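Peer 1: Please see the structure below; I have some questions.
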Amino acid sequence: MAENKCAVVIMGPPGSGKTTLVRSLTARGRISEIEAGNLLGDEVRRDTPLGRQIRPYQVAGELVPSELVQQVIAARLEKADGQFVLFDGFPRSAAQIGILFQLLKEHHLQLCAVIVLNVELQTALERITGRRICPDCGAIYNVYTEPPQQAGICDRCGGKLMQREDDRLEVVQERFKVYERDTIPTVEFFRKEFGLVTWEESANSTPDELLERVSRRLEKAVPQLDLRENPPARDDLPSH
Ligand code: AMP
C-alpha cells in the first residue's frame, strides 16, 4: 500500500504572509509547496491559454473559477515529491473544499494541519503596498521591511522587480471582501469539522517569529517532521 503523506493547509487574508511562511518552511525539510496564487499568476505572466482565462479574475481581485484552480494545482501536485505538501491559499471557497479532499485522496495525502493566519488590517496593507516581486524567479521583497540591495533589482537573479497588478489599493479592497465572503466560511468549516488539527496564529509578528512558532507547533502535530533551522546531517542520525 502507498505510504500516507501529510498535507498542511495555510489560510489567511491578503498580506498575512502565507507565501513567505510556506517558503521558509519548505527550505527546512522534505516539503513541497503548492502556492495557488503564484501558480495562477505564473500562467498569466507566461500568457498561456489557461493564463488568458485566469487573468481577468486575478487582476480584479476575484477568485479564479475553481475548475481552473484545480487544473493548475493538480498539475503541480503531480510533481510534488516531498513527504509533506503545504497548500498556500487553497482551498479558498466551499467548492474548493471538495476539490482538496479529492486531490488528497488521489495522492495518498492525509490532512495533518490547517493553519489560519490572522493579521491586523494596517499591517496587511503595509505589507501589500510595499511588496515587490521578481517576475523571473518569483522572489518576494518589501520596500519598507525587506528591500533588495539595489532598488528595483532582484538580489537573486538580477530581474527587474515589479508590483503585482492586484496589489493596487482598489483591487486589495476587493480581495479582502472576497476573503470575508468566501474564505472565512471555509475557515469555519475546518474549525468545525477538523478542529483537532486546525489552529490560528497571529501573523502580526515578524516573519521569523511566526516561522519559529509555526515550526514548533507543526513538529508537535506531526512528530516525523524536523523543522529545526540546522537539523543534524543525515549521516549524524542514528541508523535505526
Ligand atoms: P494570493 O497570492 O494568494 O493573494 O492570490 C492572488 C490571487 O490569485 C487571488 O486574489 C485570486 O484572484 C487568485 N487565487 C489564488 N488562490 C486562489 C484560489 N484558491 N481560488 C481562486 N483564486 C485564487
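The values are calculated or read from the model by the stated rules, or taken from the named source; none is laboratory data. Note that the coordinates shown come from a computational prediction; the quantities given were computed from them, not determined experimentally. Using ideal geometry, Cβ is built from the backbone for each residue, glycine included, and neighbour counts are taken over all protein chains shown. Ligands, DNA and RNA are excluded from the accessible area calculation, which covers all protein heavy atoms including side chains. Shrake-Rupley method; radii C 1.70, N 1.55, O 1.52, S 1.80 Å.
Peer 1: Return the residues of the stretch 128-139 that are β-branched (Val, Ile, Thr) and surrounded by fewer than 17 Cβ atoms within 10 Å (Cβ to Cβ); say none if nothing qualifies.
Peer 2: Step one: of the stretch 128-139, the residues β-branched (Val, Ile, Thr) are 128-129, 133.
Correct list: Thr129 only.
Peer 1: Return a yes/no flag: does the stretch 34-45 have any residue that is more than 12 Å from the ligand (Cβ to nearest atom), open to solvent by 30 Å² or more (accessible area, probe 1.4 Å), at pLDDT below 95 and not aliphatic (A, V, I, L, M). Talk me through it step by step, then tell me what you get.
Peer 2: Filtering the stretch 34-45 for residues more than 12 Å from the ligand (Cβ to nearest atom) gives 45.
With the extra rule that they be open to solvent by 30 Å² or more (accessible area, probe 1.4 Å), the set shrinks to 45.
Restricting the remaining residues to those that are at pLDDT below 95 gives 45.
After this cut, where a residue has to be not aliphatic (A, V, I, L, M) as well, the list is 45.
For the stretch 34-45, residues more than 12 Å from the ligand (Cβ to nearest atom), open to solvent by 30 Å² or more (accessible area, probe 1.4 Å), at pLDDT below 95 and not aliphatic (A, V, I, L, M): present.
Residue-by-condition table, conditions (1) within 15 Å of the ligand (Cβ to nearest atom); (2) within 17 Å of Arg45 (Cα to Cα); (3) in contact (Cβ under 8 Å) with a residue 12 or more places away in the chain; (4) not in a loop (DSSP other than H, G, I, E, B):
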residue: Pro135; (1), (2), (3), (4): yes, yes, yes, no
residue: Gly138; (1), (2), (3), (4): yes, yes, yes, no
residue: Gln150; (1), (2), (3), (4): no, no, no, no
residue: Arg156; (1), (2), (3), (4): no, no, yes, no
residue: Val172; (1), (2), (3), (4): yes, no, yes, yes
residue: Arg175; (1), (2), (3), (4): yes, no, yes, yes
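Peer 1: Under 7 Å by Cβ, and 6 or more places apart or on different chains, what pairs join a residue from the stretch 56-68 that is touching a residue at least 24 places away in the same chain (Cβ under 8 Å) with one that is in a helix (DSSP H, G or I) and acidic (Asp, Glu)?
Peer 2: Cβ pairs passing all conditions: Gln58/Asp166; Val59/Glu165; Val59/Asp166; Ala60/Glu174; Gly61/Asp166; Gly61/Glu174; Glu62/Glu174; Leu63/Asp182.
Peer 1: Going through the stretch 89-101 one residue at a time, which ones are touching a residue at least 24 places away in the same chain (Cβ under 8 Å) and more than 10 Å from the ligand (Cβ to nearest atom)? Spell out how you get there, then give the answer.
Peer 2: If we filter the stretch 89-101 for residues that are touching a residue at least 24 places away in the same chain (Cβ under 8 Å), which is where we start, we get 89-97, 99-100.
Scanning the stretch 89-101 gives Ala94, Ile97.
Peer 1: Now for a separate question. Those residues that are closer than 20 Å to Arg175 by Cβ and in contact with a strand residue (DSSP E or B) (Cβ under 7 Å, 6 or more places away or on another chain), I need them from the stretch 57-88; list them, please. Walk me through how you get there before you give the answer.
Peer 2: Let us first name the residues in the stretch 57-88 that are closer than 20 Å to Arg175 by Cβ, namely 57-66, 68-69, 72-73, 87-88.
Ile73, Phe87, Asp88 - these are the residues of the stretch 57-88 that are closer than 20 Å to Arg175 by Cβ and in contact with a strand residue (DSSP E or B) (Cβ under 7 Å, 6 or more places away or on another chain).
Peer 1: Given the criterion under 24 Å from Tyr179 (Cβ atoms) and within 14 Å of the ligand (Cβ to nearest atom), identify the matching residue among Leu86, Leu111, Leu121, Leu104. Write out each step before concluding.
Peer 2: Numbers: Leu111 fails: within 14 Å of the ligand (Cβ to nearest atom); Leu121 fails: within 14 Å of the ligand (Cβ to nearest atom); Leu104 fails: within 14 Å of the ligand (Cβ to nearest atom).
Matching residue, one of Leu86, Leu111, Leu121, Leu104: Leu86.
Peer 1: I've got another one for you. Kindly list, by first and then second residue, each pair from a residue in the stretch 36-51 that is aliphatic (A, V, I, L, M) to a residue that is at pLDDT below 95 and away from the ligand (no atom under 12 Å from the Cβ), limited to pairs with Cβ atoms under 6 Å and residues at least 6 apart or on different chains.
Peer 2: Between residues of the stretch 36-51 that are aliphatic (A, V, I, L, M) and residues that are at pLDDT below 95 and away from the ligand (no atom under 12 Å from the Cβ), there is no close pair.
Peer 1: Only one residue in Val69, Val59, Val64 is surrounded by fewer than 19 Cβ atoms within 10 Å (Cβ to Cβ), aliphatic (A, V, I, L, M) and near the ligand (Cβ under 9 Å from one of its atoms). Which one? Give the steps one after another, and end with the answer.
Peer 2: Details: Val69 fails: surrounded by fewer than 19 Cβ atoms within 10 Å (Cβ to Cβ); Val64 fails: surrounded by fewer than 19 Cβ atoms within 10 Å (Cβ to Cβ).
Just a single option satisfies the conditions, and that option is Val59.
Peer 1: Give the residue, chosen from Gly82, Gly89, that is open to solvent by less than 10 Å² (accessible area, probe 1.4 Å) and modelled with pLDDT under 95. Step through it out loud before you land on a result.
Peer 2: Details: Gly89 fails: modelled with pLDDT under 95.
Within the list Gly82, Gly89, the selection yields Gly82.
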